[in-house]
Amino acid sequence: MEYSFLKIANEGNICILTISAPKSLNALNSVILNEIGNFCDHFDCNKYRCLIVTGDGEKSFVAGADISEMATLNVPQGQTFGQKGAAVFRKIEKLHVPVIAAVNGFALGGGCELAMACDIRICSDNARFGQPEVGLGIIPGFSGTVRMARLIGMGMAKELIYTGRTVKADEALRIGLVNAVYPQAELLEQALLMAKKIAANAPLAVKAAKLCINAEYDMDADEAIMYENGIFGHCFATEDQKNGMAAFLNKGKCEFQGK
Ligand code: CO8
């Protein structure tokens with residue numbers, strides 16, 4: 001599939017998706033959102049064990065939704081645009097492999113919301129996060145009000161969303177918006193290192209763990225524990241479980257096949 005604004009590369013069983021619209025600091029317009037949605041629809045979770053999402057260049061991950069496209073929207077058009085972004089980000093969140101956001105610069109508005117839809121965020125030391133939407137007369141409409149409070153807690157999320165202030169990498173680390181900060185030149189290498197660690201584990205188990213963590217978030221504790229137990233039991237139907245445990249008992253290492 002040919003895309004105008006996406007670059008796709010792979011390193012073994014790890015896929016790297018780079019959003020590339022350098023003239024607008026990789027801001028998300030409808031075409032780019034459609035392309036990301038299409039990419040997710042065709043993503044081969046059997047071929048790849050991890051996805052890294054990053055932005056082109058050294059300045060910006062994604063500088064938000066495209067303000068020039070939003071400026072003249074009316075209410076139904078605003079809802080349609082918001083729905084499109086939210087649906088695409090949900091596809092990323094629901095991919096059957098872990099998704100690492102390698103945030104290489106500005107992650108503002110829709111860019112921060114995209115990063116928050118990923119499973120894990122790491123960033124470069126020049127990264128800047130923020131939800132500046134209220135300064136434009138809108139709210140974080142690609143599920144930012146949903147995910148930010150869940151990720152960093154309601155008090156901090158409310159402060160960042162109400163003030164619209166920009167957070168530097170060190171603060172993003174302190175408040176739990178990212179897991180680690182690296183020099184720009186090392187960011188992709190570090191993302192790949194993490195992805196390779198994930199990819200070396202049993203893929204069906206990693207997929208099951210992602211499913212559990214996402215699904216259980218909205219359940220009460222009893223329901224969540226039952227749900228986890230059901231999925232846990234099913235792990236014993238896999239060859240990976242048999243081979244992984246046999247390898248441990250034989251003091252060897254298992255090359256998981258995802259079966
Ligand atoms: N949309 C469109 N164009 C953009 C965007 C954007 N979000 N961000 C940057 N650009 C463009 C600039 O207009 C500029 O274009 P040009 O060269 O043609 O003038 C080019 O990118 C370079 O930008 P700057 O010259 O401004 O670069 P600076 O280094 O001076 O500043 C900043 C970089 C600080 C990132 C600055 O560009 C900026 O503040 N950008 C906007 C950030 C922002 O407000 N993002 C949030 C947008 S709203 C949003 O994301 C809502 C999501 C939910 C939508 C719900 C739908 C209903």
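Computed quantities for the displayed model
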| read-out | value |
| --- | --- |
| Per-region count, segment 199-210, residues assigned to a helix (DSSP H, G or I) and either in contact (Cβ under 8 Å) with a residue 24 or more places away in the chain or loosely packed, with under 15 Cβ neighbours inside 10 Å (or both) | 8 |
| Flag if G37 is away from the ligand (no atom under 16 Å from the Cβ) and surrounded by fewer than 21 Cβ atoms within 10 Å (Cβ to Cβ) | no |
| Where E255 falls short, out of the listed (1) part of a loop (DSSP other than H, G, I, E, B); (2) within 26 Å of the chain's Cα centre (by Cα) | (2) |
| Lone qualifier among I152, I231, I225, I175 - being open to solvent by 90 Å² or more (accessible area, probe 1.4 Å) and hydrophobic (A, V, I, L, M, F, W, C) | I225 |
| Qualifying residue in segment 68-75 (condition: of a type in the set (S, T, Y), at pLDDT 95 or above, assigned to a strand (DSSP E or B) and out of contact with any helix residue (DSSP H, G or I) (no Cβ under 7 Å at 6 or more places or on another chain)) | no |
| Residue satisfying condition, being within 11 Å of the ligand (Cβ to nearest atom), free of Cβ contacts under 8 Å to residues at least 60 places away in the same chain and either under 15 Å from the mean Cα position of the chain (by Cα) or open to solvent by less than 10 Å² (accessible area, probe 1.4 Å) (or both), within set V62, V75, V99 | V62 |
| One residue from G164, G109 being in contact (Cβ under 8 Å) with a residue 12 or more places away in the chain, closer than 19 Å to S20 by Cα, within 15 Å of the ligand (Cβ to nearest atom) and in contact with a Pro (Cβ under 7 Å, 6 or more places away or on another chain) | G109 |
| Within segment 155-173, considering residues that are out of contact with any helix residue (DSSP H, G or I) (no Cβ under 9 Å at 6 or more places or on another chain) and not small (G, A, S), the one nearest to N29 (Cα to Cα) | K168 |
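The values are calculated or read from the model by the stated rules, or taken from the named source; none is laboratory data. None of the values given here were measured: they were computed from a predicted structure. Note: ideal-geometry Cβ built from the backbone for every residue, glycine included; neighbour counts use all protein chains shown. The area values use the complete protein model at the heavy-atom level, side chains included, leaving out ligands, DNA and RNA. Shrake-Rupley method; radii C 1.70, N 1.55, O 1.52, S 1.80 Å.
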